[in-house]
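A short worksheet on the structure shown next.
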Amino acid sequence: MALLQIAEPGQSTAPHQHRLAVGIDLGTTNSLVASVRSGKATTLTDDNGDSILPSVVHYAADQTIQVGRTAQALAVTDPHNTIVSVKRLMGRASKDLKTLAEHIPYQFNNDNPALPRIKTTAGEVSAVEVSAEILKQLKIRAENTLGGELSGAVITVPAYFDDAQRQATKDAARLAGLDVLRLLNEPTAAAVAYGLDSGEEGVVVIYDLGGGTFDVSILRLNKGVFEVLSTGGDSALGGDDFDLAIAEWLVAEAGVTELNASLNRQIINEARRVKEALTDADSVTVSLLLGEKNWAIELTKDKFNQLIDALVSKTLASCRRALRDAAIDKSDIKNIVMVGGSTRVPVVRDRVAEFFNKQPLVEIDPDKVVAIGAALQADILAGNNQGGELLLLDVLPLSLGIETMGGLSEKIIHRNTPIPVARAQDFTTYKDGQTALAVHVVQGERELVADCRSLARFELRGIPPMVAGAARIRVTYQVDADGLLSVSSLEESSGVEAKVSVKPSYGLSDNEIEQMLRDSMNHAHDDMEARKLREEQVEADRVLEAIDAALLADGDRLLENDEKSLIEQSRAALSALRQSGTAEQIKQAVKTLEKTCEGYIARRMNQSIHDAMAGHKIDEYTTNKDSK
Ligand code: ADP
Ligand code: MG
């Protein structure tokens, strides 16, 4: 029996009919497609027996499009029309590209800032269209190999992909004519490939070191359900940095003083070659053509290990952070799964084993492991594997919150919460007679809304007028299995309801996610202070408004002797501190004002009871404005 339980509402599985379903690893550098045949998941190859399709697309002036190795070969001579690493652009808006600009050699048309288009000699293309070309190629390969039309595909995405990036991936699949059965997190796919889903319960670490990125994910298999406890990593650390470390050493050893583009390319290519060769050898000869003469040197494995030592340590620091986020102790870990070409480097394996005090799983080719897991999942979702129902839980990359009074973000679903998930929280009105509530949905870890990312705004209207605090408004956040959010709000006494589906047109980059997480850690203390201050300011506003309204209604009638000037004094003191005081000062000033007003308020209470008994309304003076 499969331990993963799938519950796809409305999708009944037809027995006795084998559907052609595939798993696709749509990677930054390389993409693969795999399928379950005769009960075994294998990657599908092209005519040359190659299972890896480089994620590269070339556009020619005559409108021909090439994908894969042939496109890769054109990258050197025609870089502007050869799109590489398009995954980094998925779901990104024009403004997001600015932070990436130095790494991107393309020209963009930003007429639609939500969907920048890359200018090529064959016309303009979006990241979604480029990805669709890669997917089309994999679809053709699969249909040729499997001999029939595909019924659906499971496509993997990084666990930290946000709404916009997931949506863009789905759009690319639709454009390629693929039916997406499910988007699956890459680390989850790797765990499934090793069959950890049907193994012993426990915690699994996925260590994924590719060409340009490092991702670590901590998963837990519990009562037949996989959940992602935390994710971490570094979006700018990978095998390419090993190449650079060797290149720098070479430049120093060879005494190169002038580095032009072509020599630089030669050195990097050679560095990469020897790095990969050192995986199976103890020492390799490096040779460079410097001007007219050949120059050569030995690079030993020991020296190489020393060169990349700090880089490997960096990945382990990310692991330590992810463990802390997941509140997991190293000794609780059952398995470590190695993913990505750079985990072939022996010292990487050794250091990981040493860090976790356990040998990592390396039997499945680290390039193929994600596609294989996706294929197994696709097989079950297509209804071919009658092992039961399957439910996969993934994780939310950043907290989802709501803006409350004073511009504070109240977190409704915390980061790293497994999805799908629905959480509700009750709110009330701030003012008497308030008939509308503005719901502002924000994403991020910081306390102040201004430091978070705005996802959506909508209004709940038609709340019956009540005194402040009497309305009961339930706001519900729901994130589906693909990681997409919808928000609804309901005023419970009247049944008034409002809903919104959040489909942000602007994606967040993984760098930005990291930046936001880093900021929230760095600013945790400042944020707490800022939150306290805002809370006291909101309280001060409430008290000032209530006092003003009361004085206006019956101040003349009910104030005694010098009470009026005393109240005015403490009112002015609070009003001044409201602008410039610290949280503590404002709090004290509120207390002072309340104390000064005690007698007056007691008299008002008596009076209003008296008036009520005499048939008067007690809330004639309440304001009737909406908050915000
Ligand atoms: P990505 O996840 O970025 O698409 P991959 O998982 O395909 O990348 O990993 C590519 C990286 O793996 C490159 O840096 C490449 O040099 C490295 N790599 C591939 N084979 C080996 C090997 N035998 N030894 C060391 N590094 C390798
Ligand atoms: Mg990869």
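Miscellaneous remarks
- Local charge for residue 75 was computed over the other residues whose Cβ lies under 12 Å away, with Lys and Arg +1 and Asp and Glu -1, and equals +1.
- As a size descriptor, the averaged projected area of the C-alpha convex hull of segment 125-190 was calculated at 4.6 nm².
- Rounded to 5, percent antiparallel among DSSP beta bridges of the chain: 80 percent
- Spin-label model, residue 313 to residue 595: label points 7 Å out along the Cα-to-beta-carbon direction sit 5.7 nm apart.
- Surface analysis of the chain yields an accessible area of 46 Å² per residue, using protein heavy atoms and a 1.4 Å probe.
- The gain in end-to-end length when the residue 363 to residue 287 segment is fully stretched comes to 24.1 nm, 0.36 nm per residue minus the alpha carbon separation.
- Among residues other than residue 332 with Cβ under 12 Å from its Cβ, the summed charge is +2 (Lys and Arg +1, Asp and Glu -1).
- Linear extension gain, residue 60 paired with residue 350, 0.36 nm per residue minus alpha-carbon span: 99.8 nm
- For the chain, the relative contact order works out to 14 percent when only alpha carbon pairs closer than 8 Å and six or more residues apart are counted.
- Gyration tensor verdict on segment 147-302 (Cα atoms; rounded if a/c is under 1.5, prolate if a/b is larger than b/c, oblate otherwise): prolate
- Distance violations [Cα-Cα > 23 Å] among 314/358; 119/368; 98/368; 431/591; 275/358; 314/368: 119/368; 98/368; 275/358; 314/368
- DSSP loop GluC sites (Glu not before Pro) with at most 15 other Cβ within 10 Å: longest gap in the chain: 1-148
- One quarter of the surface of the convex hull around the alpha-carbon atoms of the chain equals 36.2 nm², the direction-averaged projected area.
- Rounded if a/c under 1.5, otherwise prolate or oblate - segment 296-405, Cα gyration tensor axes: oblate
- The phi torsions of segment 452-460, fed into the Karplus equation with coefficients 6.51, -1.76 and 1.60 and a -60° offset, translate into couplings of 9, 9, 7, 9, 6, 9, 8, 10, 9 Hz, rounded to whole numbers, with Gly and Pro shown as x.
- Normalised contact order of segment 79-202, rounded percent, pairs of Cα under 8 Å and 6 or more residues apart: 23 percent
- Computed P(r) (all Cα pairs; segment 170-212; 5 Å bins; percent): 5, 17, 19, 17, 15, 17, 8, 3
- Solvent-accessible area of residue 591 with every protein chain in place, 1.4 Å probe, in Å² to the nearest 10: 110 Å²
- Structure-based [θ]222 nm, the chain - -39500 (n - 2.57) summed over DSSP H runs of at least 4, per residue, nearest 500: -12000 deg cm²/dmol
- Label-to-label distance, residue 50 versus residue 200, with points set 7 angstrom from Cα along the beta-carbon direction: 4.2 nm.
- Segment 271-300 and segment 548-610 have their alpha-carbon centroids 82 Å apart.
- Taking every protein chain into account, the 1.4 Å probe leaves residue 466 with about 50 Å² of accessible area, to the nearest ten.
- Cα shape, segment 49-177, gyration tensor, a/c 1.5 rule: oblate
- Accessible area of the chain belonging to carbon and sulfur atoms, whole % at 1.4 Å probe: 49 percent
- Pairwise Cα distances in segment 97-162 exceed 13 Å in 75 percent of cases.
- Between residue 149 and residue 499, the modelled labels are 3.2 nm apart [label points 7 Å from Cα along Cα→Cβ].
The values are calculated or read from the model by the stated rules, or taken from the named source; none is laboratory data. All values derive from a computational prediction rather than experimental measurement. Heads up, the Cβs are rebuilt from the backbone with ideal geometry, glycines too, and the neighbour counts pull from every protein chain shown. Note: accessible area is taken over every heavy atom of the protein model, side chains too, but ligands, DNA and RNA are not part of it. Shrake-Rupley method; radii C 1.70, N 1.55, O 1.52, S 1.80 Å.
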